[in-house]
1. Work out the count of Lys pairs in the chain where the Cα-Cα distance is under 28 Å, with the pair 8 or more places apart or on different chains.
2. Stretched out fully, how many nm does the piece from residue 352 to residue 188 gain, at 0.36 nm a residue minus the Cα gap?
3. Would you work out which of 152, 90, 163 lies farthest towards the positive end of the dipole of segment 86-168, given +1 charges on the beta-carbon of Lys and Arg and -1 on that of Asp and Glu, about the Cα centre?
4. At 7 Å along the Cα-to-beta-carbon direction for both residue 233 and residue 78, put a label point, then send me their distance in nm to one decimal.
5. Using only Cα atoms and rounding to the nearest 10 degrees, what angle (0 to 90) does helix 67-81 make with the longest principal axis of the chain?
6. Give me the extension gain from residue 208 to residue 430: residue separation times 0.36 nm, minus the current Cα-Cα distance, reported in nm with one decimal.
7. Between segment 107-175 and segment 366-443, how far is it from one alpha carbon centroid to the other, in angstrom?
8. Name the residue, out of 236, 322, 120, whose mean-square fluctuation peaks in a Gaussian network model built on the chain with Cα pairs under 10 Å.
Amino acid sequence: MARYEEDAFGRAEIPDDALYGIQTLRSAENMSFSGRTLRDYPAFVAALADVKRAAARANERAGILPRHLSQAIEQACAEIGRGLHREHFIVDAYHGGGSIGSNMNMNEVVANLANEKLGGNRGDYDPVSPSEHVNASQSTSDACHTALRIAVLRVGARLLAELRRLGEALDRKSAELSAVTTITRTCLQDGMQDTMGHLFDGYAQGLRRRTAALERAVESLRLVNLGGTVIGSGVGASRAYRERVLDALNEVTGMSLRHRDNLYDASQNMDDLAAVSAELRLLAGLLIKIAKDLRLLASGPEAGFGELRLPAVQAGSSFFPGKINPVVPETLIQCCFQVIGLDRSVQASLEHGELNLNVWEGLAGFNVIDAMNMLERAAALFTDKCVSGIEADKERCAALSRSFIPAVTALKEKYGYTQVSRWLKEESKETILRRYESEVEHA
């Protein structure tokens, strides 16, 4: 079964049960390439529904929409916000046109739902019009700009909670390994003695710093431009609406959102999103370092460093029986590679903004959401299936801590650089090691 809708470009066949309409169909037909549609981004769909709900409420309070229309729109948006009707969001997330397809997909779905609540039929758009009523006092640029930031704030909160949990796991492991003395390394060469706990404490401190920086960047997204319409001028939105819409949005979302100081700036510049992405890239770099360290420290076990034992979660080889690979750290590393790649796309979106409106902002926002979702999942696996179960091979660590360079370093602390340098010239390694062992025994 199908229905037919018309626009300036002709007539199109729409599935009879579709909540979307002809503008959505045009976007899906003309601008799809990624294989990822809006339904793959539930946080954004829910956020955009919240924006439409808030706009309807503000339009009613400003005397622009009658109550029965605004209530029907709000009810439709509330359903979408709860995750219903997601299969009707078919527009490619990365389409051109400055997110026009995203906005119209939402407008049409909301309009059809609202009309059904008022006794109308899908596709008739009577009494609720997607453009005149659902989109009243808005443009694509301020509606989608605001929705993207709401979505990143919500997804970011989940990621930040997971990062804090990972930090706590690293703190516990640092305390647990504080008495395990081993060798340190610089330039991948033997160094002095120190505890494994200090290494893990460094991981935890670095993660806390990056988490705090990411949180600050995410919090900056509470500044939005809803009410600024296309370029920040507010043309097309009444003063009464603009004065009310942010209060309505905070009521709907339960957030403390505020206007950017300059709404023209908000339309032109998306460096706030780019800053979040840059923090995600820096976080990814730190996590790669931690995960790589664990691979090295657990390498072997006989022919590698062998100082740590990582939890065995699955067979490591289809060829070598009993081989266990560090699959969880490697999973985190690959996740972080992806995050770094996504950031380059986000920064390109910032760099290629032109004149009065950055039309690449949707791409940037969805890439940030993707990066956050991947990091949230990978960090949870890393915490639960790797960090929490790490054990030290204490015998191996003790043996390494008594190797040649740590022994020389310890002797230098007691006898001074000049005396130890003389021994190094005059005595064999075995003699110096025996001297060190004797010092340890007498201590």
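1. So the count works out to 22.
2. 54.9 nm
3. Of the options given, the answer is 163.
4. Label at residue 233, label at residue 78, 3.7 nm between them.
5. 30 degrees
6. Answer, rounded to one decimal: 75.6 nm.
7. 50 Å
8. It is 322.
The values are calculated or read from the model by the stated rules, or taken from the named source; none is laboratory data. As the structure is a prediction and not an experimental result, all values here were calculated from the model. With ideal geometry, Cβ positions are generated from the backbone for all residues, glycine too; neighbour counts draw on all protein chains shown. Keep in mind that these areas ignore ligands, DNA and RNA; they rest on the heavy atoms of the full protein, side chains included. Shrake-Rupley method; radii C 1.70, N 1.55, O 1.52, S 1.80 Å.
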